[in-house]
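Worksheet: one structure, shown below.
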Amino acid sequence: MLIRHKITLWFIGLSGLLLCLFSVYIYFASENSRRELFYERLKNKALATKEIYDQHNIVAERIITSIPEQSEYVFDENNKLIFAINDLRDFDFNVAFFETMSDKKEKFFEYQGGAKVGHKEGYAFVFGEGVSKRLIVITAYNKTSFEQLQSLRSILLYGNLFFLLAVGLTALFLSKSAFRPINDLVKQAESVQGNDMSFRLHYANPTDEIGIVASSFNKVLDKMQSLADSQKSFISYASHELRTPLAAINGILETSSLYDKDLSAALKSQQAALKEIQKATELVNTLLQLANIESIKKKERQRLNIVDVMLDAISFFKLKKPEQEFLFEVSEIFSKETIELDGNSQLLRTAFINLIDNASKYSNKQKIRISVSLTSNSIQVQVTDSGIGLMKEDLNYILNPLFRGKNTKGIEGFGLGLSLTQRIIALHEGELHFLPNVLNGTIVEVLLPISSIITT
């Protein structure tokens, strides 16, 4: 069901409920007022009857019967009928009735009359004492008031139906008017070609709710277009980087088959080809790791000590390049307290190895300074080198996959390490920053959230 139809039905339902409650109130208020006025009229008739009876001991029918279906009864102290005027015999004066009157001075009551009149009402009251005790009962049919109530019921019923119909048509018209801008946006969206990434929604009033939604949708489209452009660029760069070692391998093997005359030359060519194969394998593995990083789930994490993670990363890198020197500094607070974080040890080791590898590669294996400290709510790791540094114009693109700085020519690499590292740090709700180095080189800062601190 469309939202505008739901709004229309809700509006009709709510209006109908309020009208019904109001109509019920009006009807019962009118009924209560009618009953009170009629009872007061019956009471006055009975009092008038008493006064006349006190004076003449008889009541004239022409004086009493002025209400439709009115009947008048006078009983003595023994509940025997003294006389009755216009006795329609539609009320049963039984023992129970007289017993209730023995305890009361007056009583209003209702009962079903004949088939023609239906609902009738009466008033009874006692006056006098002893042998002078008398019971006067008057019953009548409030014809005019009941006809007015019947008319009121019809007015309320047909009035409410007419009003609900008017409310429904008005609500439908208003909902259509309110949702017309959305229909226009839907038509715009349906007219888009499948490969048109430049499409944006156009809305006349950008400040109302629909305009805000359209603006937010356009922002999503901007991000999708940026992502699509990045994917195209990524595929282009990846294809180029993969083509390079494959072309080199092809050239080496062709040259070897044509010109290598002895075993030593063939072995040399094989080693060169093997080196290019290793480059291609490393590139493919890194691309796969980068693509699958988002699939790592939080449940695969565990409590880690950042000092142990850093020592593991340094030891692993030393196995690959034993000549690399390090200056590893740990804040004194880590010796007094056990500070842990929630993380995946293998991923974090990969991230820090990438940072160390960049620091070593772009500083020509100069000493790398690694510091671990604590901020107000984060673990801070800084990797500082004395290498070629980062150019200002490259800072906005340095985290893009397969991007390499303009000052990195002649240095091996694929431009995937920092991109992979940034995604790993983001997966751990951390932050990656590049800080200016007063001397030269680069300072890479990693901030990771603390999960627990235990005093030792």
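The values are calculated or read from the model by the stated rules, or taken from the named source; none is laboratory data. Only a predicted model underlies this, so the values are computations on that prediction, with no experimental measurement involved. Heads up, the Cβs are rebuilt from the backbone with ideal geometry, glycines too, and the neighbour counts pull from every protein chain shown. Heads up: the accessible areas ignore ligands, DNA and RNA and are worked out on the full protein's heavy atoms, side chains in. Shrake-Rupley method; radii C 1.70, N 1.55, O 1.52, S 1.80 Å.
Considering region 94-119 alone, what residues qualify as being open to solvent by less than 50 Å² (accessible area, probe 1.4 Å), in contact with a Leu (Cβ under 9 Å, 6 or more places away or on another chain) and modelled with pLDDT of 85 or more? Within region 94-119, PHE98, MET101 meet the criteria. Return a yes/no flag: does region 392-399 have any residue that is more than 28 Å from ARG303 (Cβ to Cβ), open to solvent by less than 20 Å² (accessible area, probe 1.4 Å) and without any contact (Cβ under 8 Å) to a residue 40 or more places away in the chain. Among the residues of region 392-399, at least one is more than 28 Å from ARG303 (Cβ to Cβ), open to solvent by less than 20 Å² (accessible area, probe 1.4 Å) and without any contact (Cβ under 8 Å) to a residue 40 or more places away in the chain, which makes the answer yes. For region 362-376, the set of residues classified as surrounded by fewer than 19 Cβ atoms within 10 Å (Cβ to Cβ) and not in a strand (DSSP E or B) consists of ASN364, LYS365, GLN366, LYS367, THR375, SER376, listed by residue number.
Checked against the criteria, GLU51 does not count as out of contact with any strand residue (DSSP E or B) (no Cβ under 7 Å at 6 or more places or on another chain), assigned to a helix (DSSP H, G or I), at pLDDT 85 or above and open to solvent by 70 Å² or more (accessible area, probe 1.4 Å).
Do you know which residues across region 409-429 are farther than 26 Å from LYS279 by Cα and open to solvent by 20 Å² or more (accessible area, probe 1.4 Å)? Hits for region 409-429 are ALA426, LEU427, GLU429.
Kindly establish whether ILE379 is part of a strand (DSSP E or B), at pLDDT 90 or above and surrounded by 21 or more Cβ atoms within 10 Å (Cβ to Cβ). Against the criterion (part of a strand (DSSP E or B), at pLDDT 90 or above and surrounded by 21 or more Cβ atoms within 10 Å (Cβ to Cβ)), ILE379 qualifies. Among the residues of region 133-152, the ones that are of a type in the set (Lys, Arg) and surrounded by 14 or more Cβ atoms within 10 Å (Cβ to Cβ) come to 2 in all. Taken over region 84-132, the criterion of being assigned to a strand (DSSP E or B) and among the hydrophobic types (A, V, I, L, M, F, W, C) is satisfied by ALA84, ILE85, PHE108, PHE109, ALA124, PHE125, VAL126, PHE127. Among residues of region 443-456 that are of a type outside the set (A, V, I, L, M, F, W, C) and at pLDDT below 90, those with a beta-carbon under 6 Å from a residue that is in a strand (DSSP E or B) and open to solvent by less than 30 Å² (accessible area, probe 1.4 Å) at least six positions away or on a different chain give the pairs SER451/LEU341. State which residue is farthest from ALA228 (Cα to Cα) when the search covers only region 190-217 and only residues that are of a type in the set (Val, Ile, Thr) and open to solvent by 80 Å² or more (accessible area, probe 1.4 Å). Filtering first and then ranking leaves THR207. Taken together, ASP308, ASP342, ASP312 contain a single residue that is farther than 27 Å from GLY405 by Cβ, under 40 Å from the mean Cα position of the chain (by Cα) and open to solvent by 60 Å² or more (accessible area, probe 1.4 Å), which is ASP342.
The condition of being in contact (Cβ under 8 Å) with a residue 40 or more places away in the chain and within 27 Å of ASP229 (Cβ to Cβ) holds for only one of ASN354, ASN440, that being ASN354. Only a single criterion out of (1) assigned to a loop (DSSP other than H, G, I, E, B); (2) at negative phi; (3) surrounded by 14 or more Cβ atoms within 10 Å (Cβ to Cβ); (4) not hydrophobic (A, V, I, L, M, F, W, C) is not satisfied by ASN79, namely (2).
I need the full set of residues from region 382-418 which are hydroxyl-bearing (Ser, Thr, Tyr) and at pLDDT 85 or above, in order please. Residues satisfying the conditions are THR384, SER386. Listed conditions (1) surrounded by 12 or more Cβ atoms within 10 Å (Cβ to Cβ); (2) modelled with pLDDT under 70; (3) not hydrophobic (A, V, I, L, M, F, W, C) are all met by GLU300, apart from (1). Please tell me if LYS219 is part of a helix (DSSP H, G or I) and under 22 Å from the mean Cα position of the chain (by Cα). Answer is yes for this residue.
Reported count of residues in region 430-448, each being under 32 Å from the mean Cα position of the chain (by Cα) and crowded, with 21+ Cβ neighbours inside 10 Å, is 1.
Take the residues in region 278-297 that are of a type in the set (Val, Ile, Thr) and more than 15 Å from GLN346 (Cα to Cα); name whichever of them is modelled with the highest pLDDT. Among them, the one singled out is THR281. Residue selection: LEU355 fails the criterion of being open to solvent by less than 70 Å² (accessible area, probe 1.4 Å), assigned to a strand (DSSP E or B) and touching a strand residue (DSSP E or B) at 6+ places or on another chain (Cβ under 6 Å). Is it the case that some residue within region 323-344 is closer than 20 Å to ILE411 by Cβ and touching a Ser or Thr at 6+ places or on another chain (Cβ under 7 Å)? Yes, the conditions are met somewhere in region 323-344. Among the residues of region 261-277, are any modelled with pLDDT of 70 or more, over 56 Å from the mean Cα position of the chain (by Cα) and outside any helix (DSSP H, G or I)? Yes, region 261-277 contains at least one residue that is modelled with pLDDT of 70 or more, over 56 Å from the mean Cα position of the chain (by Cα) and outside any helix (DSSP H, G or I). Considering ALA214, ALA189, ALA171, the condition of being small (Gly, Ala, Ser), at pLDDT below 80 and either closer than 19 Å to HIS5 by Cα or assigned to a helix (DSSP H, G or I) (or both) is satisfied by ALA189 alone.
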